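A short worksheet on the structure shown next.
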Amino acid sequence: MRITAVENRKLGELLEALRPPDWSTPTECTRWDVRAMVAHLIGSAASQASPREFLCQKRGGAPICKELGSPFWWDGMNELQVRERAGATTEQLISEWAAASAKALTARTKLPRPFARLKLLNLPAPVGRQPLSYLFDIGFTRDVWTHRIDIAHAVGREIDHDAAHDGRILADIVAEWAATHGEPFTLVLDGPAGGTFVQGSGGEEVHAGVVDFVRTLSERTTAEGVLRHPLPL
């Protein structure tokens, strides 16, 4: 969970650096400005820290999911997380992130491994059926990482990326993405977290920045060729 701890800290530092106008800046996630995105991350952390809170959010999100017309139960939860914090100040959101993320980290560390191995998750293609560990060990951290990129991109800030932390997350994402489609490629990603990734031989050569690559995989923008294959982040 060291990577999760570092990522939580990096998001907290970004939130502390935001100017008042930044919080109302729209992001590439439909319906969410920066403030709403942060509220979602806090609510998600709260659900990770407490099974009771998770169930409360799931029940409370069910009618919202119908309201949104979404087939995915977590969309209702996400929106509930945003609505429940509509009256919070930015200072309260920053403080709540620090507290909730710390509790979530502790809870995730203590998740019993036999329980974590249960294949209870039915996620959108191409991820499919996964054990709970996919979410608790990987997915929740990626969610924070991707939304940190979303926030920095929205407000025009340089993203705090480094090889040891962000490069590790990115390499894991590339490996999973490559396995889902199986096509050969040579992928060159610019920046401190980037690198050269190769699968097979004779495939397409792609050169991109880390931010654009992540935006493409998560379908915040579109692309052709091997980058047409998405990976929910």
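We did not get these values from a lab; they are worked out from the coordinates using the rules stated. Because the structure is predicted, anything quoted here is derived from the model rather than measured. Don't worry about glycine lacking a Cβ; one is built from the backbone with ideal geometry, like all the others, and counts go over all protein chains shown.
Things worth noting here:
- Once the Cβ-Cβ distance of Arg9 and Asp212 is raised to the sixth power relative to R0 = 22 Å, the FRET efficiency obtained is 0.30.
- Restriction of the chymotrypsin sites (Phe, Trp or Tyr not before Pro) in the range 1-93 to DSSP coil positions whose beta-carbon has at most 15 other beta-carbons within 10 angstrom yields Phe72.
- Bridgeable aspartates and glutamates around Lys110 (alpha carbons under 15 Å apart, same-chain partners fewer than 8 residues away excluded): Asp137.
- Cut-off 10 Å between beta-carbons: net charge of the residues surrounding Thr186, Lys and Arg +1, Asp and Glu -1: -2
- Counting only DSSP beta bridges whose two residues both lie in the chain, roughly 60 percent are antiparallel.
- Between Ala107 and Ala62, the distance separating the two model label sites (each 7 Å from Cα on the Cα→Cβ line) works out to 2.0 nm.
- Inter-site label distance for Glu224 and Asp137 at 7 Å from Cα along Cβ, in nm: 3.9 nm
- Förster-model FRET efficiency, 35 Å R0, Phe54 and His181, C-beta, rounded to 0.05: 0.65
- Straightening the chain between Val198 and Ala125 buys 24.0 nm, computed as 0.36 nm per residue apart minus the Cα-Cα spacing.
- Listed by number, the DSSP H helices of the chain that run 15 Å or longer by alpha-carbon position along their axis and have mean Kyte hydropathy of at least -1.0 are 2-17, 34-49, 51-68, 90-109, 140-155, 166-181.
- Longest segment of the chain lacking trypsin sites (Lys or Arg not before Pro) that sit in a DSSP loop with at most 12 other Cβ atoms within 10 Å: 120-233
- For the chain, the longest site-free run once GluC sites (Glu not before Pro) in DSSP loop states with at most 11 other Cβ atoms within 10 Å are removed: 1-157
- Label sites at Ala164 and Ala116, each approximated as a point 7 angstrom past Cα along Cα to Cβ, lie 2.3 nm apart.
- In the chain, helices alone account for a calculated mean residue ellipticity at 222 nm of -17500 deg cm²/dmol, with every DSSP H run of four or more residues adding -39,500 (n - 2.57).
- Once the Cα-Cα distance is subtracted from the 0.36 nm per residue extended length, the Arg157 to Thr90 segment shows a gain of 22.3 nm.
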